[in-house]
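The values are calculated or read from the model by the stated rules, or taken from the named source; none is laboratory data. Keep in mind that this is a model prediction, so the values were computed, not measured. A quick note on method: Cβ atoms are made from the backbone with ideal geometry, for glycine too, and the neighbour counts reach across all protein chains shown. Side chains included, ligands, DNA and RNA excluded: accessible areas come from the protein's heavy atoms. Shrake-Rupley method; radii C 1.70, N 1.55, O 1.52, S 1.80 Å.
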Amino acid sequence: MGLKLTQFRSLVIGVFAIAICLHFISISDIFHYHWTTQPKSAETSQIPQRNDITKRDIKQESQVKQQNGTLNVSTDQEIINYLAKYLDVIWTVKDDPHYNTEHILFLKNTGPKRISQTDWKIYFSQTSILNPNLKNINDSYPKNVVVGEDQNFILTLVSGSLYCIYPRNSFFIFFEAGRKIKFPLTATKLQRSRTNSFSNWYVVGSKSKPKIIESTKGENLNFVKPFGSQLTSKERYAINDNHTDLKGTHKYVVPSPEETVVMSNKTIILKPEEWTIQTSAEFPDEVTYLADALKVKVATTQSLNKVIKLVKGKLIFKNTKSAESDEAYELKIDGISTEIQITATTGHGVFNGVQTLLSMADNIQGSGPIILNSVTIKDRPRFKYRGVMLDVARNFHPKETIFKLLDVMAMYKLNKFHFHLSDDEGWRLEIPDIPELTQLGSKRCHDESETLCLMPSFGSRPNIDDQGPGFYNISDYREILKHANQRHIQVIPEIDMPSHMRAALKSISLRASHKGTPRDQYKMTDKTDGNNYRSTQGYNDNIANPCRDGLYAFVDTVIGTVVEAHKDIQPLTLFHFGGDKIPKPALQGMKCKDNKTDLMQLFIQRFFQKKQFSNVSFGAWEDSFLKPDKTPYIIESMGNIAQENRSVYAFVYQEENKALFKLANSGYKVINSPDSLYHFDHPYNKDTDERGSKWATEFINTKMVFAFDPLQGKDGYGELKKPKNIVGVQADMWTGLVQTTDQLEYMMFPRLIAFAERAWHHAASWHETNNVTDMERDWIEFINHLVYKEFPKLDKLNVHYRIPPPGAIIKDGKLHVNTYYPGMTIEYSVNNPGQTKQWYKVTGDETLSEPIILRTLSTDGKRHSKEIELDRSIW
């Protein structure tokens, strides 16, 4: 009896203890899980793949059951739908002056049910690498590296920027309705902007379709809480303080011409119905282009007045030291004879003159006659190469966006379009002989096997049905070539090799699995090559082996297709092969039958020596042409490039290599494209709400682009002995953080106009004298011209240039405002939460005591900047 009583007492005590624990769990507001920061070994840190994770020992349910407020479904679509609807995601960032950044991820169950099932996983993209020790892992496995875990959850890096978090099957404690779970995390890369996080987190189960979590939808990133430095209205006012409004512009055109002479005070009134363009045997395409733009008829007979003539002729400039250019032109507007004449030696020169005339003739009021001053303009470019690089691999942009960009490039006399068509995250050009490149490589969706599509990245959606084609077929590509060629813009295609090839390698693996296709035809890598590396973007399966013949068979097919597409429109004369960002351990682990020690040099030699491309020059990012000791390869060692009258173009972007002068002195044709000034994926200012990545510098504002001298050396550059080999400049637009056309235009404009000014105009004497006063004078004239002439033109073209928020202070009891680009309209509204905003134009006489928010308007009044609060602190 005593024994039974003792057992009964023990049972009661045990039940009571369990009840206390359950009660403590149920009233807890926050589950705090501390993540393990030490990486697992190669044997234990690989997360189970599809066959393991999706077939775990979970009791399967075929229907929804509700017991005591619990949703008892583990694999059914209902649990995924529930999580997608009711899971509130909150991402926070803690400021840290050191290299690592602390994040806290909160997941809150805002629905009515308790979650006890474990067959679900959440996927999300994040540019920060979570876990500071990840870079030291001996990660010789393809993906899914554990970067955090506790007894209830596991966090893995899938690959690239994609992460996965899921509950452990054995230990997961139920997730009560209304409760919030907290996950402290650490990142190796500082999150310097809210846009370093991505929208469209999604949840998926082993037998269900993925669903986007509602709280993470949309590009506003509301689930990422504000952090860091937001510029106040007072700080913006100080930045804008010396940006004087000149109430207009005295400049005729941007980019600025080399010579401008006013002929008389007579003006021309150009009414399209009264004027004609005289036909030209030398320049028929330019006649057609101008007639279409001005809506003027083409005349086959000579007219005495009110006529526009395009004439072939040689030009003489005052400055005889500058080299002659086949892009030079003269535009003469004669108000006395009422005649306009454009003279040049080539169609490209005439086209540049046409662009100047169209800029001067643009009626920003939108109606009424076109009035032109009598003036003679003689002009030519500073650099032969004035380029724009657009990355369509990381985020695809349709051909209509490309057409629009080419139109604006032509307006500002930019003549090279560097088309970045492939990267780890996407392949964007149809290659008919290798259809898998676009069947798989152009698509992103949730497919862990990556045989239907690549896994999502940069916030792309998980459902393949939500996506467009994601690539240009040959017909699309030829349309782009024609559009560019009509505007005298050379298209320079880039297929990134031998690194940044993940999309291609996955596609080739799929091809090799198909029956009836040669398995080794394009084989570019093998398990024996090893993958004990991790690229800057987080991949360890994205590099082809330069020793494998399949890589060069791939090159033959791809470049052969590109050459054929260009042939009868714009023959291919320059091809860019990327060649950048190859981790040292990657090539060291490659197996090579030739026992080569410098595999990058081997790749370049074999690539350049292909006879079928003997008319094509090649270009790459500068690290392709630098030895491990940062000295350039000798061009002659690459084959018969020099003898075949071909060139090697080095696109210099990394300051750390100090290669600008070294490469030019070694005979390379150098394109200067510094990442800290010309890479427009960076934000405009330090505000953490501003879109952009800060991988090279904190920010790049328009003034920095305007003031930069592309020929200026820095400490450690040495002497520039062959300045003529620096043939041009390029602005680069990487699109990892840019998903829409509006975002693309926001990041590019107006910085691209400042870039065009420096690329074309070479009369900025302050570059030689370092006269800051002269530079500031030219800068004020330039930004006034933007507001009074260029922004209205962009508005009419529906180009969504960035509109900066205004600066504002209270001084002497009154509201004082200014803008980065002077003369733009500013509005204010009383900031009463819950009430509709009423916007009023700031006049300068306001005495306001209420909380105020302000915004800047576009010049057509149809768009506005971000709204900011008035900082009332003492000025």
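The figures follow:
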{"item": "Whole-number percent relative contact order across the stretch 619-745, with pairs defined as alpha carbons under 8 Å at least 6 apart", "result": "25"}
{"item": "Accessible area in square angstrom per residue, the chain, 1.4 angstrom probe", "result": "43"}
{"item": "Share antiparallel - DSSP beta bridges, the chain, percent rounded to 5", "result": "60"}
{"item": "Residue-averaged [θ]222 nm for the chain, counting only DSSP H segments that reach four residues, each worth -39500 (n - 2.57)", "result": "-7000 deg cm²/dmol"}
{"item": "Solvent exposure ordering (accessible area, 1.4 Å, most first) of Asp689, Asp715", "result": "Asp715, Asp689"}
{"item": "Listed residues Leu331, Gly834, Ser614: farthest to the positive end of the dipole of the chain (Cβ charges)", "result": "Gly834"}
{"item": "Karplus-derived 3J(HN,Hα), 6.51/-1.76/1.60, for each residue of the stretch 380-388, Hz, glycine and proline x", "result": "7, x, 6, 10, 5, 9, 10, x, 10"}
{"item": "Rg ratio (alpha-carbon, reference 2.2 N^0.38 Å) - the stretch 404-474", "result": "1.33"}
{"item": "Within the accessible area of the stretch 683-841 (1.4 Å probe), percent carbon and sulfur", "result": "48"}
{"item": "Within the accessible area of the stretch 352-472 (1.4 Å probe), percent carbon and sulfur", "result": "50"}
{"item": "Over 31 Å between alpha carbons, listed pairs Lys384/Lys593; Lys443/Lys482; Lys482/Lys584", "result": "Lys384/Lys593; Lys482/Lys584"}
{"item": "Lysine pair number, Cα distance threshold 19 Å (strictly under), the stretch 634-709, separation 8 or more or different chains", "result": "4"}
{"item": "Qualifying lysines (Cα of each under 25 Å from Cα of Lys814; at least 8 residues distant if same chain)", "result": "Lys234, Lys247, Lys837, Lys841, Lys866"}
{"item": "Charge dipole (the chain, unit charges on Cβ, about Cα centre) - positive-most of Leu737, Met497, Phe183", "result": "Phe183"}
{"item": "About the Cα centre, charge dipole magnitude for the stretch 751-875 (Lys/Arg +1, Asp/Glu -1 at Cβ), debye", "result": "460"}
{"item": "Tensor-based shape of the stretch 727-858 (alpha-carbon gyration tensor, a/c under 1.5 rounded, otherwise prolate or oblate)", "result": "oblate"}
{"item": "Cα-centred dipole magnitude for the stretch 174-262, charges only on beta-carbon of K, R (+1) and D, E (-1), debye, nearest 20", "result": "860"}
{"item": "Rel. contact order, % - alpha carbon contacts under 8 angstrom, at least six apart, the chain", "result": "11"}
{"item": "Set of lysines with alpha-carbon distance to Lys332 below 19 Å, sequence-local pairs under 8 removed", "result": "Lys251, Lys266, Lys271, Lys306, Lys309, Lys312, Lys314, Lys318, Lys378, Lys413"}
{"item": "Candidate residues Lys121, Lys837, Lys247: accessible-area rank, largest first, probe 1.4 Å", "result": "Lys247, Lys837, Lys121"}
{"item": "Tilt relative to the chain, helix 474-486 - C-alpha long axis, 0 to 90 degrees, to 10", "result": "30"}
{"item": "Nonlocal amide H pairs with Thr825, under 5 Å, H built at 1.01 Å", "result": "Leu857"}
{"item": "Carbon/sulfur fraction of accessible area - the stretch 527-586, other protein chains in place, 1.4 Å, %", "result": "54"}
{"item": "Dipole magnitude (debye, nearest 20) for the chain, charges at Cβ of Lys, Arg, Asp, Glu", "result": "1280"}
{"item": "Candidate residues Asp88, Asp433: accessible-area rank, largest first, probe 1.4 Å", "result": "Asp433, Asp88"}
{"item": "Answer label, with Kirkwood radius over Cα pairs in Å calculated from the coordinates and candidates (i) 31.7; (ii) 37.5; (iii) 30.4", "result": "(iii)"}
{"item": "With all protein chains modelled, accessible area of Ile569 [1.4 Å, Å²]", "result": "30"}
{"item": "Cα long-axis angle, helix 347-361 against the chain (0 to 90 degrees, to the nearest 10)", "result": "90"}
{"item": "Cα-derived Rg over Rh, computed across the stretch 382-445 with Rh taken as Kirkwood radius", "result": "1.07"}
{"item": "Cα-based shape type of the stretch 609-712, given that a ≥ b ≥ c are square roots of the gyration tensor eigenvalues and the cut on a/c is 1.5", "result": "prolate"}
{"item": "The stretch 237-291: GluC sites (Glu not before Pro) in DSSP coil with no more than 13 other Cβ atoms inside 10 Å", "result": "Glu273, Glu274"}
{"item": "Angle in degrees between helix 284-294 and the longest Cα principal axis of the chain, rounded to the nearest 10", "result": "80"}
{"item": "Nonlocal amide H pairs with Arg863, under 5 Å, H built at 1.01 Å", "result": "Ser858"}
{"item": "Reachable lysines, given that their alpha-carbon falls under 17 Å from the alpha-carbon of Lys85 and they are not under 8 places away in the same chain", "result": "Lys108, Lys113, Lys121, Lys180, Lys209, Lys211, Lys217"}
{"item": "Part-to-part distance (alpha-carbon centres) for the stretch 667-742 and the stretch 402-450, which is given in Å", "result": "22"}
{"item": "Farthest positive-ward along the chain dipole, Cα basis, beta-carbon charges - from Gly459, Phe198, Cys592", "result": "Cys592"}
{"item": "Global geometry of the stretch 474-610, whether rounded, prolate or oblate, following the gyration tensor of its Cα atoms and the 1.5 cut on a/c", "result": "prolate"}
